[in-house]
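Below is one structure, written out as structure tokens; comments come after it.
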Amino acid sequence: MQTDIDPRTLIGRKAFDREGAKIGTVDEVYLDDATGEPEWAAVRTGLFSRDVFVPLEPSEVVGDTLRVPYDRSLIKDAPDFGVGRHLSPEQELQLYHHYGLDVTG
């Protein structure tokens, strides 16, 4: 993720999976507690207006969209923690494992 991106500019952007299929719209951005850097985005999907969490690293901003390098099926099966609340370390760990990301730090 480009670290010079203001997380507020991500809200409202359309998000797409690695095949270019629309996932939904970025609803919220969650910052890392230690660094303050954007770490997760909650994307509002069209299906039952559910929010799914996607990692901002290794996602990238392309034009006015967020490109998430995972299959839509993996994204839609991400753990559902609801939005508007702080993600606990345990919830973050579940998300890291779900996306097969290395947990360092």
Checklist entry - Of the residues that sit in region 40-53 and are of a type in the set (Phe, Trp, Tyr) and assigned to a strand (DSSP E or B), which one is surrounded by the fewest Cβ atoms within 10 Å (Cβ to Cβ)? => result Trp40
Checklist entry - Is it the case that region 54-70 has a residue that's acidic (Asp, Glu) and open to solvent by less than 40 Å² (accessible area, probe 1.4 Å)? => result no
Checklist outcome for this item: Per the filter on region 74-90, residues farther than 20 Å from Ile11 by Cβ and of a type in the set (A, V, I, L, M, F, W, C) are Leu74
Checklist entry - Quick one: in region 19-36, which of the residues that are among the charged types (D, E, K, R) and open to solvent by 70 Å² or more (accessible area, probe 1.4 Å) is nearest to the chain's Cα centre (by Cα)? => result Lys22
Checklist entry - Just a yes or no: is a residue in region 62-85 farther than 18 Å from Phe16 by Cβ, outside any strand (DSSP E or B), out of contact with any His (no Cβ under 8 Å at 6 or more places or on another chain) and without any contact (Cβ under 8 Å) to a residue 12 or more places away in the chain? => result yes
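The values are calculated or read from the model by the stated rules, or taken from the named source; none is laboratory data. Quick caveat: nothing in here was measured; it's all calculated off a predicted structure. Methodologically, a virtual Cβ is constructed for each residue, glycine included, from the backbone with ideal geometry; neighbour enumeration extends over all protein chains shown. All accessible areas refer to the heavy atoms of the entire protein, side chains included, with ligands and DNA or RNA removed. Shrake-Rupley method; radii C 1.70, N 1.55, O 1.52, S 1.80 Å.
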